[in-house]
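A quick write-up on the structure given underneath.
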Amino acid sequence: MTFGEQPAYLRVAGDLRKKIVDGLLPPHTRLPSQARIREEYGVSDTVALEARKVLMAEGLVEGRSGSGTYVRERPVPRRVARSGFRPESGATPFRQEQADASARGTWESHSEGTEASGVIAERLAIQPGDRVMCTKYAYRDAGEVMMLSTSWEPLAVTGRTPVMLPEEGPLGGMGVVERMAAIDVIVDNVTEEVGARPGLAEELLALGGVPGHVVLVIQRTYYASGRPVETADVVVPADRYRVAYHLPVK
């Protein structure tokens, strides 16, 4: 193979990908069999198999037990809007995470006290093993889980206060900014870092994805006078959603 030349399996995968994108292989169409690919492209069984694996890893096709491999329906990506940390008074958790006045949906949550792992301790500027409140959310749009979130708050800040449980008490569901203000902790900054990685098995099970699918992870941290008071991982399927930021110019 000369410099710059693609391996055979990538050339085959690229041609099949183009047929899928151009509509020559529409959704729910059965992908050519391994034998057909071998004959059509003049490649070995190994190359044909690897090309099919590439398309499956890219989420363009899916295997159906006892039936074969089929082209997947390609969803039109929807937006998850992000626009800063100050929600409207009384905004629901779904509205807060979407940061979009038109966003509507439902959510489920569960909170549990636990010990901070090394990674979470670093994000919260506390010691590994310090107690934190961990809250897991599942957000639904039209009944479909479209976003997951796991947040951690140091109990050194919220412990034994009315806002210790994010979704219970007098300010349950009001959001980090308003809850912290109720205990005289003034949130004045927030950071978000967006990355991508393969979804974990339990995430893909909840989000309706298949093994190998990529998810977007928004790593968010709220600060009060430089001290982290909450950090969270927000997870959305990369093939179905785009993260859109609307930031004011000062």
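Only one of the numbered conditions (1) surrounded by fewer than 19 Cβ atoms within 10 Å (Cβ to Cβ); (2) at pLDDT 90 or above is not met by residue 210, and that is (2).
Of the helices (runs of 4 or more DSSP H) lying entirely inside segment 124-219, those containing at least 3 residues that are in contact with a Leu (Cβ under 8 Å, 6 or more places away or on another chain) and in contact (Cβ under 8 Å) with a residue 12 or more places away in the chain are 176-182, 201-207. Has segment 156-165 got any residue that is open to solvent by 20 Å² or more (accessible area, probe 1.4 Å) and closer than 30 Å to residue 77 by Cα? Checking segment 156-165: not a single residue is open to solvent by 20 Å² or more (accessible area, probe 1.4 Å) and closer than 30 Å to residue 77 by Cα.
Counting only residues that are charged (D, E, K, R) and out of contact with any strand residue (DSSP E or B) (no Cβ under 9 Å at 6 or more places or on another chain), which one in segment 143-178 is nearest to residue 106 (Cα to Cα)? It would help to see each step written out before you state the result.
To start, the set of residues in segment 143-178 that are charged (D, E, K, R) comprises 144, 153, 160, 167-168, 178.
Okay, now just the ones that are also out of contact with any strand residue (DSSP E or B) (no Cβ under 9 Å at 6 or more places or on another chain), so 144, 160, 178.
Working: 144: 10, 160: 28, 178: 20 Å.
Of everything passing the filter in segment 143-178, 144 is nearest to residue 106 (Cα to Cα).
One residue stands out among those in segment 122-155 that are more than 22 Å from residue 236 (Cβ to Cβ) and surrounded by fewer than 19 Cβ atoms within 10 Å (Cβ to Cβ): the one that is nearest to the chain's Cα centre (by Cα), which is 122.
Can you give me the ranges of the helices (runs of 4 or more DSSP H) entirely in segment 1-116 with at least 1 residues that are among the acidic types (Asp, Glu), at negative phi and at pLDDT below 80?
Those helices (runs of 4 or more DSSP H) span 93-98.
The residues on offer are 74, 64, 82, 78, and the sole one that is under 27 Å from the mean Cα position of the chain (by Cα), under 30 Å from residue 248 (Cβ atoms) and open to solvent by 80 Å² or more (accessible area, probe 1.4 Å) is 78. Just one of the listed residues (240, 227, 220) is open to solvent by less than 40 Å² (accessible area, probe 1.4 Å), modelled with pLDDT of 90 or more and among the charged types (D, E, K, R), and it is 220.
Condition (residue is farther than 30 Å from residue 76 by Cα and out of contact with any Gly (no Cβ under 8 Å at 6 or more places or on another chain)) applied to segment 143-153: is it met by at least one residue? Even if it seems obvious, please write down each step before you answer.
Going through segment 143-153, the residues farther than 30 Å from residue 76 by Cα turn out to be 152-153.
Then drop every residue that is not out of contact with any Gly (no Cβ under 8 Å at 6 or more places or on another chain), which leaves 152-153.
Yes, because at least one residue in segment 143-153 is farther than 30 Å from residue 76 by Cα and out of contact with any Gly (no Cβ under 8 Å at 6 or more places or on another chain).
The values are calculated or read from the model by the stated rules, or taken from the named source; none is laboratory data. This structure is a prediction, so every number in the text was calculated from the model and none was measured. So basically every Cβ, Gly included, is an ideal-geometry build from the backbone, and we count neighbours across all protein chains shown. These accessible areas exclude ligands, DNA and RNA; they are computed on the full protein's heavy atoms, side chains included. Shrake-Rupley method; radii C 1.70, N 1.55, O 1.52, S 1.80 Å.
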